[in-house]
Amino acid sequence: MQRPDGPPHPPWSPERTREIARGRRDEPGPLLPILHDLLAEFGYVDPGAVPVVADVLNLSRAEVHGVVTFYKDFRTTPPAAVTIAVCRAEACQAVGARELAAYASDRLGLSFGQTSPDGSVHLTEVYCLGNCALGPSVMVNGQLIGRVDGQLFDALFGPVRGGA
């Protein structure tokens, strides 16, 4: 699938995972950099990568799995084509973020943290995008957009439908 923010991610492979892990195994504290590299390469950390990385680093599978599942940014499923993050911090709440969050959830047919069944949209919440003066703010595949209300949300995401 072509990603809107760049070229498509290649499919996960244990061979490429092993190559990435071997490339960093002699660095101090290599686990996090390896996981970040896997995320950059494939868009997610496939569960099959856990035993491969554990083997290369001589760690237990539980140690690698624990790090992958502890950090929110290490997703274990392929990313949606569009990720919409709605700021829920106090400054944005003061100018309508609660209403925007409810609208976005209703409009997409998704709760926060959910991905549409077809994998096209993921709705998430964040607690500060650093765009407080232009709230409420959303981030779409890494692009920050301020002063978002229901009308702008519809203009931006009219063709995007997450729910069934």
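The values are calculated or read from the model by the stated rules, or taken from the named source; none is laboratory data. As the structure is a prediction and not an experimental result, all values here were calculated from the model. Cβ sites come from the backbone with ideal geometry, for glycine too, and all protein chains shown count toward neighbours. Heads up: the accessible areas ignore ligands, DNA and RNA and are worked out on the full protein's heavy atoms, side chains in. Shrake-Rupley method; radii C 1.70, N 1.55, O 1.52, S 1.80 Å.
Applying the Kirkwood pairwise sum to the alpha-carbon positions of the range 69-119 produces a hydrodynamic radius of 12.5 angstrom. Which cross-chain or sequence-distant (5 or more) residues have an amide H under 5 Å from the amide H of E125, H modelled 1.01 Å from N in plane? Here the answer is V86, G113, since their amide H atoms fall under 5 Å of that of E125. For the range 54-115, the share of accessible area belonging to carbon and sulfur comes to 50 percent (1.4 Å probe, ligands and nucleic acids excluded).
With a Förster radius of 30 Å applied to the C-beta separation of S120 and F70, the computed FRET efficiency comes to 0.60.
Placing +1 on the Cβ of every Lys and Arg and -1 on the Cβ of every Asp and Glu, with no other charges, gives the chain a dipole of roughly 60 debye about its Cα centre. Here r is the Cβ-Cβ distance between L134 and R61 and R0 is 45 Å; the resulting FRET efficiency, rounded to 0.05, is 0.50.
The order of the peptides 57-63, 82-88 by mean Cβ neighbours within 10 Å, most packed first, is 82-88, 57-63.
Put simply, the convex hull of the Cα atoms in the chain casts, on average, a shadow of 10.5 nm². Here the dipole of the range 40-136 is about 180 debye; that uses its Cα centre as origin and unit charges on the Cβ of Lys and Arg (positive) and Asp and Glu (negative). Shape of the range 42-135 from the C-alpha gyration tensor: prolate (a/c of 1.5 or more and a/b above b/c, with a ≥ b ≥ c the square roots of its eigenvalues). For T77, enumerate residues with amide H under 5 Å from its amide H, sequence gap 5+ or separate chain, H modeled in the peptide plane. So T77 has HN proximity to V45.
What the chain shows is 55 Å² of accessible area per residue, with the surface traced by a 1.4 Å probe over protein heavy atoms. Counting only DSSP beta bridges with both residues in the chain, tell me the antiparallel percent, nearest 5. Around 55 percent of the beta bridges assigned by DSSP in the chain are antiparallel ones.
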